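Just below is one structure, and these are the notes that go with it.
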Amino acid sequence: MSCLDATFTLTPRSPVYFNSPRNQALLVCYGADFSYTSPTDLSSLYASDRFFFTSSYAADPNVDYTQWANLKKTRYLYSFINLQGYAAANKQLALIFGFDVLFSSMPGRVFVYSDAGLLKDQQLVYGDNQFLLEIESLDQALFLYFVHAGGYWFFRGLSGYVV
């Protein structure tokens, strides 16, 4: 069995992929949380290459986060992906979002938005560590917003696979 190598991987300590102006990706965090104890203190998070999100600042599920006025009031991860250099017939992008849920009794939740609207309302389950998002076309640059919507969880990374 063989595994497909990621076209790019973005993590908190490695948030930029740049091969050319038409082959790049960027990750920006707006509002990760920290505490004074491990594993959610700043040095532990830096060492483990993760962002932490606490349920105290979860987004409201009844709000439309395609509107900038709403988005700027919440905590989220923003990703810009431009893989137009790969754009060809039948080329798609598979994105793998990596995470860890802190407590088994409290699942996490993420809203995945593009500028066009909500793409996915994803539950993050303890013991699981990733979810898949499929993008049908690489013809245009893509702006994605991963809005923290509940639970206590860590963001580990985002990998993209052109297939």
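Structure notes:
- Region 102-145, accessible area per residue, ligands and nucleic acids excluded (1.4 Å, Å²): 59 Å²
- Solvent exposure, largest accessible area first (probe 1.4 Å, DNA, RNA and ligands not counted), of 8, 143: 143, 8
- Those residues of region 131-158 whose amide nitrogen sits under 15 Å from the label point placed on residue 104, 7 Å along Cα→Cβ: none
- The portion of the accessible surface of region 1-137 made up by carbon and sulfur, rounded to a whole percent, is 51 (1.4 Å probe; DNA, RNA and ligands excluded).
- Among 92, 130, 140, residue whose mean-square fluctuation peaks in a GNM of the chain (springs only between Cα atoms under 10 Å): 140
- Using the Cβ-Cβ distance between residue 68 and residue 46 with R0 set to 25 Å, the FRET efficiency from 1/(1 + (r/R0)^6) comes to roughly 0.25.
- Where only DSSP H runs of four or more residues are counted, the chain gives -1500 deg cm²/dmol as its mean residue ellipticity at 222 nm, each run worth -39500 (n - 2.57).
- When you restrict to C-alpha pairs under 8 Å that are six or more residues apart and normalise by the size of the chain, the relative contact order lands at 32 percent.
- For a straight C-alpha distance cut-off of 12 angstrom, the aspartates and glutamates reachable from residue 120 (same-chain residues fewer than eight places away being disregarded) are 134.
- For region 57-140, the direction-averaged projected area of the alpha-carbon convex hull comes to 6.4 nm².
- Whole-Hz Karplus values for region 33-39 come out as 10, 9, 10, 9, 10, 5, x Hz, taken residue by residue from phi with 6.51 cos²θ - 1.76 cosθ + 1.60 and θ = phi - 60°; glycine and proline positions read x.
- A cut-off under 11 angstrom between Cβ atoms defines the neighbours of residue 61, and their net charge, with Lys, Arg +1 and Asp, Glu -1, is -2.
- In percent, rounded to a whole number, the relative contact order of region 95-163 is 50, using alpha-carbon pairs under 8 Å and six or more apart.
- Under 10 Å, Cβ to Cβ, from residue 112 - net charge with Lys/Arg +1 and Asp/Glu -1: 0
The values are calculated or read from the model by the stated rules, or taken from the named source; none is laboratory data. Note that this is a predicted model, so its numbers are computed, not measured. Using ideal geometry, Cβ is built from the backbone for each residue, glycine included, and neighbour counts are taken over all protein chains shown. Remember, those area values only see protein heavy atoms, side chains included, never the ligands or the DNA or RNA. Shrake-Rupley method; radii C 1.70, N 1.55, O 1.52, S 1.80 Å.
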